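*Asks:* One structure coming up, written as structure tokens, with questions to follow.
The values are calculated or read from the model by the stated rules, or taken from the named source; none is laboratory data. No experiment lies behind these values; they were computed from the predicted model shown. Note: ideal-geometry Cβ built from the backbone for every residue, glycine included; neighbour counts use all protein chains shown.
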There are 2 protein chains.
Amino acid sequence: MAKGKNSTPPGHVNLRMLADHLELSQTTVSLVLNNSPSAKSIPEETRKRVVEAAQRLNYRPNYFARSLRQSRSMSVGVLAPDLSEGYFTRVMSGVVQELTAAHYFFFTACHDWNRELIEKYPRMLVERAVDGFLLLNTSADHIDVPVPVVAISAHSQVENVTNIVLDHHAAVEQALRHLFDLGHRRIAFMRGPQAIPDSDFRWDAIQDVSIEIGLRIDPACVIRIDDASWSMKTGYHPMAPEIGYKPMQALLERNRDFTAVFCFNDIAAIGAIRALKDAGLSVPGDVSVVGFDDILSAAYATPSLTTVRQPLLEMGKKGAQVLLERIANREEAYPAEITMAPELVVRESTGPAVGKS
Amino acid sequence: MAKGKNSTPPGHVNLRMLADHLELSQTTVSLVLNNSPSAKSIPEETRKRVVEAAQRLNYRPNYFARSLRQSRSMSVGVLAPDLSEGYFTRVMSGVVQELTAAHYFFFTACHDWNRELIEKYPRMLVERAVDGFLLLNTSADHIDVPVPVVAISAHSQVENVTNIVLDHHAAVEQALRHLFDLGHRRIAFMRGPQAIPDSDFRWDAIQDVSIEIGLRIDPACVIRIDDASWSMKTGYHPMAPEIGYKPMQALLERNRDFTAVFCFNDIAAIGAIRALKDAGLSVPGDVSVVGFDDILSAAYATPSLTTVRQPLLEMGKKGAQVLLERIANREEAYPAEITMAPELVVRESTGPAVGKS
DNA sequence: TGCCTTTAGTAAATCGTGTTACAACTCGAT
DNA sequence: ATCGAGTTGTAACACGATTTACTAAAGGCA
């Protein structure tokens, strides 16, 4: 009970104190606690003593010292455009589950589509020695880091990047065939903002599928969500249904000759429905509306939303799994792309096409 | 151009290399780069040489070495129940703005109301030497850490904690007076789940204000959102309007003698509206509905939602500001509570009370 | 006994930075 | 010539864990 020179300060006990206390060297203690292979010669007896003392004195290895030595941090960086509600939250729920199980923490950084930030944040996080990156809805094209990268919902064919993508062809096919079967021939499209990697990719799928099922796309029925309305810089917010309200309003002013509209996501669809109602049209009586994502509110909107479900939670889980795997064995081959399956959820916002010739 | 023993490996240049290159000691370089007070004797000439070389060789001090030495990390921990969409996202938008401006990053941890995790995560993050904690919707009662703590929307009177709270009395007063003025006398209440700190606090305010304005609360008209339906453990999700749908359904089964309902938040209100409609009641024709928070979808719901706006973004900003301030001057006095002002937003979901006696 | 292997450990270097204590050198004043 | 006071720096240690290289003793075997 004599207080030595290094009597435990209430807060913290380090390796040296623990070793002194045990009357062993730091080396031995460290080897035992880390289950190092070179510790095989240490007898069970001693081993037990060490582990018990560490437990009893509540020894916690210093995170920085350890990371400095091993140059790995047990944390990853997550880079997303924003903390938008529909997408980010769902994907991250999956990510969190996997990372937590593996004792990993994560830093979040939001670039808000600012090119400068997209390049700066990864650099800053590399300085903090994150072991890998998870990109959400963000192209890896301009990101150059010395650690594994997994991009969810992006499509850059770049060295070092694994993409987790939805099977857009299947997704679009399900949605359009559903509308087609209901008799819809004049379908409007609300494309996603340019900044989002999925936007063009999905549009390509729409064009392909239209040809396959014999549907003509009228350019006068195609509108696009503005990049600006998606960004927080302008005071807007990607979660505000306003992103869908305004484009629909604009479309209605110049053209009402359509019986259905396929929206880029559920939020936009909710805004579009509101615009249709404000213009005196009923959903699905006059116009059917299909969304994308199947966010949690989709089932509770009025009318409830027919939509293509993205398995966002699973995409997050898968992304995190692949990243952790790649971190664990840095040298091994890794997949360049992993495809996930969509699923059409039919609810109240779609119905038979009205017969206006 | 001769490659010395320590020729720059493409990745990284450290202090020793930089010093060698400059033919100065590490000490000198370090002192200059950190603007240390003891460097006042170093001539401008040398100083400039050092700074320029650091710039040119792209010298980045090693984060771990620096943190090990100074034992601070330039990062904070954020502890929240979940990544729920309405609340978390809005508050964090504000938090991110402030932290980023101060060159701080943050770890996020989700406890999902699990008591064990609520105590474990802070410990783990303290090991990672976070400089402070931000609690969202989480009581600080069982959290004991050696760094500053700021709790947003919590009310624990604990040493070391600053609470950022809404003025609930004012919030409730605005909402109830609005209903009262519309002629409502029989008002139902949907209380928040027990786990959330604000729930009881707001309920107290409701009782106080009711007495003040002469409103009688009928216990038969009071329902409560279930803790379980709020938690992700059960497969539910705090963002699903289901949290409000079910309680309202339950209430309607036993009692329809009310003309308005005041819901714990907007999500629940949207679910409640759906339940009312499914039961054949119109909103606001038969029943008026008031929400809380003013999330982004509130304006686009059908009918759009009358609600009490919480300045969530500002609460996040304020919380982060206070935390950073407290981190910067650890010894100084700090406020125990900071109150923010709510604002009633009147939209379509409330109207005059129907005259059923 | 002499040689080799196994057992049970230890001393010291390393990671990269920050900081304290001190050394050499110049210059002017006494 | 010598004392003191700046000026311009440096050597060496601290932070705390990991890891390499090494030692000292015990046991096995010819």
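*Asks:* Suppose we filter the range B:36-45 for residues that are loosely packed, with under 11 Cβ neighbours inside 10 Å and more than 9 Å from DNA strand D (Cβ to nearest atom); how many remain?
*Replies:* 1
*Asks:* Check A:LYS120, A:LYS48 and return the single one that is more than 16 Å from DNA strand D (Cβ to nearest atom) and away from chain B (no Cβ under 12 Å).
*Replies:* On the way: A:LYS120 fails: away from chain B (no Cβ under 12 Å).
Residue meeting the stated conditions: A:LYS48.
*Asks:* So is A:ALA151 part of a loop (DSSP other than H, G, I, E, B) and out of contact with any helix residue (DSSP H, G or I) (no Cβ under 7 Å at 6 or more places or on another chain) or not?
*Replies:* Details: part of a loop (DSSP other than H, G, I, E, B): no; out of contact with any helix residue (DSSP H, G or I) (no Cβ under 7 Å at 6 or more places or on another chain): yes.
So A:ALA151 fails the test.
*Asks:* Might you check whether a residue that is surrounded by fewer than 19 Cβ atoms within 10 Å (Cβ to Cβ), more than 14 Å from every other protein chain (Cβ to nearest Cβ) and either among the aliphatic types (A, V, I, L, M) or touching an Asp or Glu at 6+ places or on another chain (Cβ under 6 Å) (or both) occurs anywhere in the range B:96-105?
*Replies:* First, pick out the residues of the range B:96-105 that are surrounded by fewer than 19 Cβ atoms within 10 Å (Cβ to Cβ): B:97-98, B:100-103.
Within this subset, residues satisfying the condition of being more than 14 Å from every other protein chain (Cβ to nearest Cβ) are none.
No, the range B:96-105 has no match at all.
*Asks:* Considering every residue within the range A:220-227, establish whether at least one is over 28 Å from A:LEU134 (Cα atoms), out of contact with any strand residue (DSSP E or B) (no Cβ under 7 Å at 6 or more places or on another chain), in contact (Cβ under 8 Å) with a residue 12 or more places away in the chain and away from chain B (no Cβ under 14 Å). Outline the logic, then answer.
*Replies:* Narrowing the range A:220-227 to residues over 28 Å from A:LEU134 (Cα atoms): A:220-223.
Retained after the next criterion (residues that are out of contact with any strand residue (DSSP E or B) (no Cβ under 7 Å at 6 or more places or on another chain)): A:220.
Restricting the remaining residues to those that are in contact (Cβ under 8 Å) with a residue 12 or more places away in the chain gives A:220.
Subsequent filtering for residues that are away from chain B (no Cβ under 14 Å) retains A:220.
Within the range A:220-227, one or more residues are over 28 Å from A:LEU134 (Cα atoms), out of contact with any strand residue (DSSP E or B) (no Cβ under 7 Å at 6 or more places or on another chain), in contact (Cβ under 8 Å) with a residue 12 or more places away in the chain and away from chain B (no Cβ under 14 Å).
*Asks:* With the condition kept exactly as written, say whether any residue in the range A:341-356 is among the β-branched types (Val, Ile, Thr) and assigned to a helix (DSSP H, G or I).
*Replies:* Scanning the range A:341-356, I find no residue that is among the β-branched types (Val, Ile, Thr) and assigned to a helix (DSSP H, G or I), so the answer is no.
*Asks:* Hey, could you check the range A:50-98 for residues that are modelled with pLDDT of 90 or more and among the acidic types (Asp, Glu) and say which is nearest to DNA strand C (Cβ to nearest atom)?
*Replies:* So, considering only residues that are modelled with pLDDT of 90 or more and among the acidic types (Asp, Glu), the one nearest to DNA strand C (Cβ to nearest atom) is A:GLU52.
*Asks:* Now a separate question. Restricting the first residue to the range A:321-338 and requiring it to be touching a residue at least 24 places away in the same chain (Cβ under 8 Å), which pairs with a second residue that is among the acidic types (Asp, Glu) meet a Cβ separation below 6 Å and a spacing of at least six or different chains?
*Replies:* Sorted first by the residue in the range A:321-338, then by its partner, the pairs are A:GLN321/A:GLU98; A:ILE327/A:ASP131.
*Asks:* Take the residues in the range B:60-70 that are assigned to a loop (DSSP other than H, G, I, E, B) and within 8 Å of chain A (Cβ to nearest Cβ); name whichever of them is surrounded by the fewest Cβ atoms within 10 Å (Cβ to Cβ). Before the answer, list the steps.
*Replies:* Filtering the range B:60-70 for residues assigned to a loop (DSSP other than H, G, I, E, B) gives B:60-62.
Subset that is within 8 Å of chain A (Cβ to nearest Cβ): B:60, B:62.
Values: B:ARG60: 14, B:ASN62: 16.
Among those residues, the one meeting the criterion is B:ARG60.
*Asks:* Regarding the range B:33-47, can at least one residue be identified that is of a type in the set (Val, Ile, Thr), in contact (Cβ under 8 Å) with a residue 24 or more places away in the chain and either more than 16 Å from DNA strand C (Cβ to nearest atom) or assigned to a helix (DSSP H, G or I) (or both)? Show your work before the answer.
*Replies:* Taking the range B:33-47 and keeping what is of a type in the set (Val, Ile, Thr), we get B:42, B:46.
Right, trim to in contact (Cβ under 8 Å) with a residue 24 or more places away in the chain and you get none.
For the range B:33-47, residues of a type in the set (Val, Ile, Thr), in contact (Cβ under 8 Å) with a residue 24 or more places away in the chain and either more than 16 Å from DNA strand C (Cβ to nearest atom) or assigned to a helix (DSSP H, G or I) (or both): absent.
*Asks:* Looking at the structure I just gave you, is B:LYS317 surrounded by fewer than 23 Cβ atoms within 10 Å (Cβ to Cβ), touching a Gly at 6+ places or on another chain (Cβ under 8 Å) and at pLDDT 95 or above? Steps first, answer last, please.
*Replies:* Numbers: surrounded by fewer than 23 Cβ atoms within 10 Å (Cβ to Cβ): yes; touching a Gly at 6+ places or on another chain (Cβ under 8 Å): yes; at pLDDT 95 or above: yes.
Yes, satisfied.
*Asks:* Could you tell me which of the residues A:ASP278, A:ASP293 is in contact (Cβ under 8 Å) with a residue 60 or more places away in the chain and within 14 Å of chain B (Cβ to nearest Cβ)? Before you say what the answer is, go through the steps one by one.
*Replies:* Values: A:ASP278 fails: in contact (Cβ under 8 Å) with a residue 60 or more places away in the chain.
Within the list A:ASP278, A:ASP293, the selection yields A:ASP293.
*Asks:* Also: So if I check each of B:ALA205, B:ALA175, B:ALA129, which one is within 21 Å of B:PRO342 (Cα to Cα), crowded, with 18+ Cβ neighbours inside 10 Å and in contact (Cβ under 8 Å) with a residue 60 or more places away in the chain? Walk me through how you get there before you give the answer.
*Replies:* Working: B:ALA205 fails: in contact (Cβ under 8 Å) with a residue 60 or more places away in the chain; B:ALA129 fails: within 21 Å of B:PRO342 (Cα to Cα).
Among B:ALA205, B:ALA175, B:ALA129, only B:ALA175 is within 21 Å of B:PRO342 (Cα to Cα), crowded, with 18+ Cβ neighbours inside 10 Å and in contact (Cβ under 8 Å) with a residue 60 or more places away in the chain.
*Asks:* Give the residues of the range A:250-293 that are modelled with pLDDT of 95 or more and polar (S, T, N, Q), sorted by residue number.
*Replies:* Scanning the range A:250-293 gives A:THR259, A:SER282, A:SER288.
*Asks:* Output the number of residues of the range B:17-32 satisfying the condition of being in a loop (DSSP other than H, G, I, E, B) and near DNA strand C (Cβ under 10 Å from one of its atoms).
*Replies:* Of all residues in the range B:17-32, those in a loop (DSSP other than H, G, I, E, B) come to B:23-25.
Those still in the list that are near DNA strand C (Cβ under 10 Å from one of its atoms) too: B:25.
Selection size over the range B:17-32: 1.
*Asks:* Mind checking which residues of the range A:298-311 are at pLDDT 95 or above and either surrounded by 24 or more Cβ atoms within 10 Å (Cβ to Cβ) or among the β-branched types (Val, Ile, Thr) (or both)? Show your work before the answer.
*Replies:* At the first step, the residues of the range A:298-311 found to be at pLDDT 95 or above are A:305-311.
Across the range A:298-311, the qualifying residues are A:LEU305, A:THR306, A:THR307, A:VAL308, A:GLN310.
*Asks:* Pick out the one residue from B:SER93, B:SER84 that is buried (at least 16 other Cβ atoms within 10 Å of the Cβ), at the interface with another protein chain (Cβ under 10 Å from one of its Cβ atoms), among the hydroxyl-bearing types (Ser, Thr, Tyr) and closer than 23 Å to B:PRO148 by Cα.
*Replies:* Values: B:SER84 fails: closer than 23 Å to B:PRO148 by Cα.
Exactly one of B:SER93, B:SER84 is buried (at least 16 other Cβ atoms within 10 Å of the Cβ), at the interface with another protein chain (Cβ under 10 Å from one of its Cβ atoms), among the hydroxyl-bearing types (Ser, Thr, Tyr) and closer than 23 Å to B:PRO148 by Cα, namely B:SER93.
*Asks:* Let me ask something else. Just to be sure I understand the filter: pairs with C-beta atoms under 6 Å, separated by 6 or more residues or on different chains, first member in the range A:235-252 and buried (at least 23 other Cβ atoms within 10 Å of the Cβ), second member modelled with pLDDT under 85 and part of a loop (DSSP other than H, G, I, E, B). Which pairs pass?
*Replies:* A:PRO238/A:SER84; A:MET239/A:SER84; A:MET239/A:GLU85
*Asks:* For the condition within 15 Å of DNA strand D (Cβ to nearest atom) and either more than 10 Å from chain A (Cβ to nearest Cβ) or touching a Lys or Arg at 6+ places or on another chain (Cβ under 6 Å) (or both), what is the one hit in B:LEU79, B:LEU33, B:LEU57? Can you show your working first?
*Replies:* Numbers: B:LEU79 fails: within 15 Å of DNA strand D (Cβ to nearest atom); B:LEU57 fails: within 15 Å of DNA strand D (Cβ to nearest atom).
From the options B:LEU79, B:LEU33, B:LEU57, the qualifying one is B:LEU33.
*Asks:* Here is a list of conditions, (1) surrounded by 23 or more Cβ atoms within 10 Å (Cβ to Cβ); (2) closer than 13 Å to A:GLU348 by Cα, and A:ILE295 meets all of them except one; can you say which number that is?
*Replies:* Every condition holds for A:ILE295 apart from (2).
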